[in-house]
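**Student:** Mind having a look at this structure? Questions to follow.
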Amino acid sequence: MLGFKQKLEKEAIKTVIGKDTVMEGYVKTDESIRLDGTLKGELHASGTLVIGPTGKVEAEIVRVRDAVIGGEVTGNLEAEGSVKLEASAVFAGDIAARSIVVEEGAIIKGKCTAGDDSELSRHAETRDVEAGEPEEASA
């Protein structure tokens, strides 16, 4: 699996929201997007979301393939792949992704769920079966 840096170097970011830009509303893109300004609303990206250190997102939901967060996010994040919270990240909300990397210094307030959905379901089913089994009586 490629690291975040190698993945980003191979993938061109075609949409950039600049440092002094404030956007409000629903944003959807089939590409990767970099955010150095402020977005208030909802974001759906088929590619990677990169939030720079000056970037700020206030959203009910953010759905992306992958995310690299160096700025602030308030809201819930769902990623099909990986989420990386850099040391400068401040995140308030829930994260669900296949994998989550948190650098020392990042601030998180919320729940994190990582792993393949099928693995999580299989693990939960196994725990339910084990919990339902009667204990053996000791002689």
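The values are calculated or read from the model by the stated rules, or taken from the named source; none is laboratory data. Since this is a predicted model, take the numbers as computed values, not measurements. These accessible areas exclude ligands, DNA and RNA; they are computed on the full protein's heavy atoms, side chains included. Shrake-Rupley method; radii C 1.70, N 1.55, O 1.52, S 1.80 Å.
**Student:** Which whole-number percent is the relative contact order of region 31-72 (Cα, under 8 Å, 6+ apart)?
**Tutor:** About 42 percent, as a whole number.
**Student:** Separate question: Give the carbon-plus-sulfur fraction of the accessible surface of region 7-59 in %, rounded to a whole number; probe 1.4 Å, heavy atoms of protein chains only.
**Tutor:** Working: 1300 of 2830 Å².
Carbon and sulfur atoms account for 46 percent of the accessible area of region 7-59.
**Student:** Moving to a separate point now. Step through the residues of region 33-47 one at a time and calculate ³J(HN,Hα) from phi using the Karplus curve (6.51 cos²θ - 1.76 cosθ + 1.60, θ = phi - 60°), rounding each to whole Hz and writing x for Gly and Pro.
**Tutor:** 9, 10, 10, 10, x, 10, 10, 10, x, 9, 9, 10, 9, 6, x
**Student:** What is the mean projected area of the alpha carbon convex hull for region 11-68, to one decimal in square nanometres?
**Tutor:** It is 3.3 nm².
**Student:** Using protein chains only and a probe of 1.4 angstrom, how many square angstrom of L35 are accessible, to the nearest 10?
**Tutor:** It works out to around 0 Å².
**Student:** So, one more: What are the residues whose amide H is under 5 Å from the amide H of V68, where those residues sit 5 or more places off or on another chain and H is modelled from the backbone?
**Tutor:** Result for V68 returns L49, V50, I51, K84.
**Student:** Let me know the whole percent of all Cα-Cα pairs from region 36-75 that are separated by more than 16 Å. Before the final figure, lay out the partial values.
**Tutor:** Details: 186 of 780 pairs.
That fraction is 24 percent.
**Student:** Related question: With every protein chain left in place, what is the accessible area of E72 in Å² (1.4 Å probe, nearest 10)?
**Tutor:** About 90 Å², ignoring ligands and nucleic acids.
**Student:** So, one more: Let me see the P(r) profile for region 31-105: every Cα-Cα distance counted, bins of 5 Å, each bin given as a percent of all pairs.
**Tutor:** It works out to 5, 19, 32, 32, 11, 1, in whole percents.
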